[in-house]
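Remarks on the structure that follows.
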Amino acid sequence: MPELIFILVGAAREENIGAAARALNTMGISSLYLVNPIANHLGERSRATAHGSLEILEQAKIFSALEEAIKDIDLVIGSTAKKRNVAETYHPAEDIPQIIFDKGNTIGSVAIVFGGEESGLSNEQLAQCHLLSTIPMYRKYPSLNLAQSVMVYATYLSKVSLTWEKKTIHNPVQAELPVVREKAQQILADVDIPAEHLIYSRIMQRLMMLNKDDINLFHSFCKFYLKKYHGRVK
């Protein structure tokens, strides 16, 4: 099973951090990252709302920038309540477990990223995520707060750990999504498609949706491409 990591960026209220820790613990998830937290994650109110989940608070990793927090994570999913760009694909929270299942043992870690209470993730931060996700709501206002959003995603993602335990154990392989991204970046650079071009982000997002068989097919194509144009096979 890939490691499931929840990342809170700029969390401003102790109660939300503590409640998020409690939600993760309830659903069998133990990894919490905090990026530039405004509130004290070990404060009195954090501890009170964590209620039996102090270990998650105490073991939470602190980072100064999102880029630093996600640099070693294979698949990064940004959560947002607002659609910032009509050209982007926003996956419903309930679809995230299947996206992870389809990757098989080609990934070792998955992160769900949440923005602060006031304005969520910035466009720049969303651009650092490989996929975008949202919680479908009947009304946009009043919207779910940070801790409630964490609870929704934690509930859906608990299916990953519960289902994975029932499957045959496979030997882990080297995480492949970072390799897919690196090869795709090389090909896009060869055909002069810059990173700021709309088609670039669309291609990279769709590549992150590949299942295990599709990833193997992509690697087979790249083997021929890279050998012909770059004299290498990896």
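The values are calculated or read from the model by the stated rules, or taken from the named source; none is laboratory data. Just so we're clear, the structure is a prediction, and the values are computed from it rather than from any experiment. FYI the Cβ positions are ideal-geometry reconstructions off the backbone, even for glycines, and counts take in every protein chain you see.
Kindly provide the set of residues from the stretch 139-176 that are aromatic (Phe, Trp, Tyr) and either modelled with pLDDT of 80 or more or in contact with a strand residue (DSSP E or B) (Cβ under 6 Å, 6 or more places away or on another chain) (or both), ordered by number. Before the answer, list the steps.
Pass one, the stretch 139-176, residues aromatic (Phe, Trp, Tyr): 141, 153, 156, 164.
The answer is Tyr153, Tyr156.
Among the candidates Ile7, Ile17, the residue that is modelled with pLDDT of 95 or more, part of a strand (DSSP E or B) and farther than 16 Å from Val160 by Cβ is uniquely Ile7. Here the stretch 30-56 is the region considered, the condition is being within 20 Å of the chain's Cα centre (by Cα) and not in a strand (DSSP E or B), and the residue that is surrounded by the most Cβ atoms within 10 Å (Cβ to Cβ) is Ile56. Scanning the stretch 183-200 for residues that are modelled with pLDDT under 90 and under 19 Å from the mean Cα position of the chain (by Cα) turns up nothing.
Among the residues of the stretch 118-132, those identified as among the aliphatic types (A, V, I, L, M) and outside any loop (DSSP other than H, G, I, E, B) are Leu126, Ala127, Leu131, Leu132. The residues on offer are Glu88, Glu15, and the sole one that is farther than 19 Å from Ser122 by Cα, assigned by TED's automatic domain parsing to the domain that holds Val152 and in contact (Cβ under 8 Å) with a residue 12 or more places away in the chain is Glu15.
So which residues in the stretch 82-97 are part of a helix (DSSP H, G or I) and either surrounded by fewer than 17 Cβ atoms within 10 Å (Cβ to Cβ) or not hydrophobic (A, V, I, L, M, F, W, C) (or both)? Steps first, answer last, please.
Keep residues of the stretch 82-97 that are part of a helix (DSSP H, G or I), which gives 93-97.
Of everything in the stretch 82-97, those that are part of a helix (DSSP H, G or I) and either surrounded by fewer than 17 Cβ atoms within 10 Å (Cβ to Cβ) or not hydrophobic (A, V, I, L, M, F, W, C) (or both) turn out to be Glu94, Asp95, Pro97.
Within the stretch 98-107, the set of residues being surrounded by 20 or more Cβ atoms within 10 Å (Cβ to Cβ) and under 14 Å from the mean Cα position of the chain (by Cα) comprises Ile100, Lys103, Ile107.
Right, Ser31: more than 28 Å from Asp102 (Cβ to Cβ) and either polar (S, T, N, Q) or modelled with pLDDT of 95 or more (or both) or not?
Numbers: more than 28 Å from Asp102 (Cβ to Cβ): no; either polar (S, T, N, Q) or modelled with pLDDT of 95 or more (or both): yes.
Against the criterion (more than 28 Å from Asp102 (Cβ to Cβ) and either polar (S, T, N, Q) or modelled with pLDDT of 95 or more (or both)), Ser31 does not qualify.
Here Ser79 meets each of (1) buried (at least 21 other Cβ atoms within 10 Å of the Cβ); (2) over 14 Å from the mean Cα position of the chain (by Cα) with one exception, condition (2). Of the numbered criteria (1) outside any helix (DSSP H, G or I); (2) in contact with a His (Cβ under 8 Å, 6 or more places away or on another chain); (3) without any contact (Cβ under 8 Å) to a residue 40 or more places away in the chain, the one Asn105 fails is (3).
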